[in-house]
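Structure first, commentary second.
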């Protein structure tokens, strides 16, 4: 495995400028493509339910899935992202890879942290009790986490959000907080993440072979685990504007970058061709 070196996002090469290099790296390989949803296939929205997939992107992903294995790896609940994408031929890994299955009935299924469901329901009630008076806060109970969204919360109220999360973690050391773009995810403290989910899917689908090239596209901090898992084994692509305040001070271990979901669509269309 290559030595893990992180680089400021704006310094890594732009994938569309390196098409010849990408073609060389993928030539003669079967592709296994892993895609985050929010910020990668569709722009980040103020509220999760507003992030609809465009018809053109759906067509690109469907076309690609006719030619190779495609999986969606999202922080959303699996059933939520299945409905949003609406393509039965894909593999879906929801809740940051904690919940993996295929709607086509393939023998691929993984449930991590299912035993924490009752505790997470209790955590949701605690967080609501602490934060329901704050304008803009959105609390989302998922199968394997409680997501506390604060994108619409006033700057002055955001410390109250993090304080409520810290209170939960202090009470329950078996839980952890996973940061994202304007969201805190309270999750079981298990040795599982998007990177481990990708490696599991490669093995379960019999794709952990020298003639298979895995590619991972993502925009969030949680996607760094997948970038790292594929270092020296596959190709990773960060999606997002390097000057965006939410990522401007971040480093990444991704190999390439794209500016936005439109560029993701252009590269995926090229891969399918």
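The values are calculated or read from the model by the stated rules, or taken from the named source; none is laboratory data. Just so it is clear, the model here is predicted, and its values are computed rather than measured. In this analysis, Cβ positions are derived from the backbone assuming ideal geometry, glycine residues included, and neighbour counts consider all displayed protein chains.
Worth pointing out:
- Taken as a whole, the condition of being out of contact with any strand residue (DSSP E or B) (no Cβ under 9 Å at 6 or more places or on another chain), in the same structural domain as residue 15 (by TED's automatic domain parsing) and modelled with pLDDT of 95 or more applies to residue 262.
- Those residues of the range 90-125 which are free of Cβ contacts under 8 Å to residues at least 24 places away in the same chain and under 17 Å from residue 35 (Cα atoms), in sequence order: 92, 101, 102, 103
- Total residues in the range 173-215, condition under 19 Å from residue 236 (Cα atoms) and in a strand (DSSP E or B): 5
- Once the range 1-42 is narrowed to residues that are touching a helix residue (DSSP H, G or I) at 6+ places or on another chain (Cβ under 6 Å) and in a strand (DSSP E or B), the residue that is surrounded by the most Cβ atoms within 10 Å (Cβ to Cβ) is 34.
- Hits in the range 165-195 - residues which are over 17 Å from residue 74 (Cα atoms) and in contact (Cβ under 8 Å) with a residue 12 or more places away in the chain: 165, 167, 168, 169, 172, 173, 174, 175, 176, 189, 190
- Residues being within 15 Å of the chain's Cα centre (by Cα) and outside any loop (DSSP other than H, G, I, E, B) - total across the range 228-256: 7
- Residues considered: 71, 101. Of these, the only one that is farther than 30 Å from residue 159 by Cβ, under 16 Å from the mean Cα position of the chain (by Cα), surrounded by 18 or more Cβ atoms within 10 Å (Cβ to Cβ) and modelled with pLDDT under 90 is 101.
- Residues in the range 196-208 that are without any contact (Cβ under 8 Å) to a residue 40 or more places away in the chain and either touching a strand residue (DSSP E or B) at 6+ places or on another chain (Cβ under 7 Å) or more than 23 Å from residue 179 (Cα to Cα) (or both): 203, 206, 208.
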